[in-house]
Structures are given as structure tokens and as C-alpha cells.
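Enquirer: Structure in C-alpha cells, see below.
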Amino acid sequence: ISNTMASEDRAGEFGLWGKDAPSSDMAAFRELFSKARNIVVLSGAGISAESGVPTFRGAGGYWRTYQAQQLATMESFIANPSLVWEFYSYRREVMHSKNPNAAHKAIAELEARLKPQGRNVTVITQNIDRLHFRAGSQKIIELHGSLFHTRCTKCGVVEENNDSPICPALKDKGAPDPNAEDAKIPISELPCCKTCSGLLRPHVVWFGEALERKVLEDTDTALDECDLCLLVGTSSVVYPAAGFAPMLAAKGVPVAEFNLEETPVTGALRFHFQVSMPSALSIR
């Protein structure tokens, strides 16, 4: 697995053109589902959009006048840590008012239902909002980290942090209004490490950064054991995650995509369903 996060069109690498159209045969999918022992759910921003979580993707996907890709980089953080922390503080505060939706709950219930049968469900998510965790899923791999964890830029310690606001200086800051003025908070007043007083950063994977080794190892193991993959709410454009489903499909693993629209990987998959995730996962 390539370990660096990027957003690009690489569909051609997986031979995604010229294949037969994916099936929408629910009966055939249910037959495969009934036999699957190690199910992997790959989820993206679309699943959380139904909870009202901003995706910062596509038209209108701006915070103030910025796209996420302009702020989610170490270069941006070094240049203007106050601005980047405003962006992430806003996203944290938004999440305090959002809840898991029916799709998150259906995935958690699926895992709980299959566990007594000796069958496994692993969620591999690109989302950093922790909604899968809050819905009750147990086996979760957070590829890109979490909004509610911080990492010290000095000593490297990672800690969970659910404070609201994360520091006094960010209280009522981070409004997404394009006309809002930057807070220009001094570094000394931004979130700091309790261990060494160093500047904290969000413990998320920014564009151009490598995924953590443990995350990659856990992902490799889950994908190696996978005998059925469900692709939920992902646009399949951010790598390396966008390559997982076509990689499985190329090995002969059935992959079912649940999305109202086709994505760059749809043509390589066994199934594509334009139905709600909860109704699809209600199968026994």
C-alpha cells in the first residue's frame, strides 16, 4: 500500500476502464454476504454528510475562502498555525452537535450481529470525525487520524482531547463566514502540550504526509483477510484509500459500492447499488 495521502486521478493504474458494468443484483450480493467471514467496510466523507458533517469536497466545499487541501498541510501549519487551528477548532465544535446516522449504526449493528457467528467486520475509514466509534463499532481503523486527538510537534506525544473549546483563545473562533477575520492567535495561546509545553497539532494525516506504520499494518492485515468489501460514501479520489477497493477486486474479492453516483472505481467492482446503506445492511 502506498502510504502517502494524496488527491489525484489514478484510475488507470487499476485497469478501471473497459470492464463490464457492475451488477445491481441484490440477491447475488446477499448470497455472497451470507458466506463472508471477514467483511471490510471502507467508508468516506459521504457517510458522515448524512449527519450534517461538512465534507469540504466539491462545489461549495470551502471554509471561508479556503479548500481543505489548502489548510491540511504541514506547510500551511508552519506558515499560519493560528489559521489552521481555527479551521480544525471549527470542525471539532461542529462535531459536538452531530450524531451518528442510520448508516453508522447499521454498520455497528452488523458487526455486533455477526460476531457471535465468528464472523468479523472491520471498518476502515478516511473520516476523522469518530462517528463510527460513537455508533458502537469496535474494530475501526482510522486511516487519517482523529479530530479529537492531538500530537505535540516537539515531543510527539499523542493524546485524546475532547475539550470544547480546545483552548480559551479559540473560543468562538473559526467561523466559516468568508468575511470572517483571521484571529491571528499567538503561538503561546494556541493548544500546547501538557508534557513539554510544545505546540500541539491535530493528530490527523495531512496531504503529503505518510500514514502511520501501525495503521498501515492493520490495514494490510484486514485487506489480506477480506472476503467481502463494502464501499460506503467515498468518492474514491483520495489515495491510498481510493486504491483499496480496486486492489481487492483485482484479486477476485467481491466489492459492493453503495453510492448514489458512480465513482472513478465503479467500473472495476462486482456490485454497485444506488440504495441506502441501512437497508442494504439489514440483510441476515
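The values are calculated or read from the model by the stated rules, or taken from the named source; none is laboratory data. Keep in mind the model is a prediction, meaning the values are calculated, not measured. Quick reminder, even Gly has a Cβ in these numbers, built from the backbone with ideal geometry, and neighbours come from all protein chains shown. We work out accessible area using only protein heavy atoms, side chains counted, and drop any ligands, DNA or RNA first. Shrake-Rupley method; radii C 1.70, N 1.55, O 1.52, S 1.80 Å.
Enquirer: Rg(Cα) of the chain divided by 2.2 N^0.38 Å? All intermediate terms of the calculation are to be shown ahead of the outcome.
Expert: On the way: Rg = 19.5 Å, N = 284, 2.2 N^0.38 = 18.8 Å.
Computed over Cα atoms of the chain, the ratio equals 1.03.
Enquirer: Hey, could you pull the Cα Rg and Dmax for region 57-134, both in Å?
Expert: When restricted to Cα atoms, region 57-134 yields Rg and Dmax of 17.0, 52 Å.
Enquirer: Defining a contact as two alpha carbons under 8 Å apart and six or more residues distant in sequence, what relative contact order in percent does region 16-147 show?
Expert: On the way: 143 pairs, mean separation 37.8, N = 132.
Here the relative contact order equals 29 percent.
Enquirer: Let me ask something else about it. How large a share of the accessible area of region 86-186, in percent, is made up of carbon and sulfur atoms when the probe is 1.4 Å and the other protein chains stay in place?
Expert: Details: 2220 of 4780 Å².
Summing carbon and sulfur atoms, their accessible area is 46 percent of the total for region 86-186.
Enquirer: Nearest 5 percent is fine: what portion of the DSSP beta bridges confined to the chain is antiparallel?
Expert: The antiparallel fraction comes to roughly 35 percent.
Enquirer: To the nearest 0.05, how large is the calculated FRET efficiency for residue 139 and residue 24 if R₀ is 45 Å and r is the Cβ-Cβ distance?
Expert: Numbers: r = 28 Å, r/R0 = 0.63.
The formula returns an efficiency of 0.95 here.
Enquirer: A follow-up question, please. Can you list the chymotrypsin sites (Phe, Trp or Tyr not before Pro) in region 82-175 that are in a DSSP coil and have 11 or fewer other beta carbons within 10 angstrom? Present the calculation step by step, with values, prior to reporting the outcome.
Expert: Details: sites: 85, 87, 88, 90, 133, 148; in loops: none.
Answer by residue number: there is no such site.
Enquirer: For region 224-278, with every protein chain kept in place, what is the accessible area per residue (1.4 Å probe, Å²)? Display every interim value, and only then the final one.
Expert: Details: 1910 Å² over 55 residues.
Accessible area per residue, region 224-278: 35 Å².
Enquirer: Set the bar at 26 Å for Cα to Cα. Now go through 105/251; 98/139; 184/214; 98/173 and name every pair that lies beyond it. Mind showing how you got there, number by number?
Expert: Details: 105/251 30 Å; 98/139 22 Å; 184/214 35 Å; 98/173 19 Å.
Correct reply: 105/251; 184/214.
Enquirer: For the chain, set up a Gaussian network in which alpha carbons nearer than 10 Å are linked by springs, and say which option among 119, 130, 213 fluctuates the most.
Expert: 213
Enquirer: At 20 angstrom or more along the helix axis (alpha-carbon based) and mean Kyte-Doolittle of -1.0 or higher, what helices does the chain contain? Whole DSSP H runs only. Write down the numbers at each step before the final one.
Expert: Details: long enough: 81-95 (21 Å, -0.39).
Correct list, ordered by number: 81-95.
Enquirer: Select from 99, 38, 80 the residue whose mean-square fluctuation is largest in a Gaussian network model of the chain (Cα-Cα springs shorter than 10 Å).
Expert: 80
Enquirer: Using Cα springs under 10 Å in a Gaussian network model of the chain, which residue among 221, 73, 234 shows the largest mean-square fluctuation?
Expert: 221
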